Amino acid sequence: QVQLAESGGGLVQAGGSLRLSCAASGRTFSTNRMGWFRQAPGKEREFVASISRSGGSTNYADSVKGRFTISRDNAKNTVYLQMNSLKPEDTAVYYCARDPAQHGSQWSAGSWGQGTQVTVSS
């Protein structure tokens with residue numbers, strides 16, 4: 001079972017930046033699509049961004065386009081989420097996911113990380 005461990009969360013002022021990292025165990029990282037999701041208090045978990053196996057293709061939620069960048073380093077088994085121009089509404093627990101798949105309005109994944117808290121103050 002591939003395990004995922006997020007890091008890099010914290011408290012930041014609006015307009016600031018954070019870089020999240022997600023380290024994956026195992027030898028199959030380069031064969032997995034990866035994604036970032038977030039869940040705010042009282043809300044459903046929502047898609048943030050995804051990246052293809054090679055890193056050549058990315059997708060973003062409309063709410064973060066132009067502000068967040070997903071990337072990966074297959075040599076380090078790590079996927080990143082660079083978050084710029086942060087807003088209070090970006091406050092959530094951020095999760096990385098291996099091989100995320102959408103089923104209507106729901107998402108599943110081969111593995112989920114434990115999450116890292118991002119808090120943006122106004």
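The values are calculated or read from the model by the stated rules, or taken from the named source; none is laboratory data. Source: prediction; values computed, not measured. Quick note on the areas: whole protein, heavy atoms, side chains included, nothing else; ligands and nucleic acids left out. Shrake-Rupley method; radii C 1.70, N 1.55, O 1.52, S 1.80 Å.
Summary of the geometry: region 1-24 and region 35-61, compared by the centres of their Cα atoms, lie 13 Å apart.
Here K87 is the anchor, and the lysines within straight C-alpha reach of less than 29 Å, apart from those fewer than 8 places off in the same chain, are K43, K65. Given springs between every Cα pair under 10 Å in a Gaussian network model of the chain, which of A97, A75, A109 has the largest fluctuation? Looking only at A97, A75, A109, the largest GNM fluctuation is found for A75. Among beta bridges from DSSP that stay inside the chain, the antiparallel ones total about 90%.
In the complete set of protein chains, residue-level accessible area for T116 is approximately 20 Å², probe 1.4 angstrom. Comparing Q82, Q102, Q13 in a Gaussian network model of the chain, where Cα atoms under 10 Å apart are tied by springs, the biggest mean-square fluctuation is seen for Q102.
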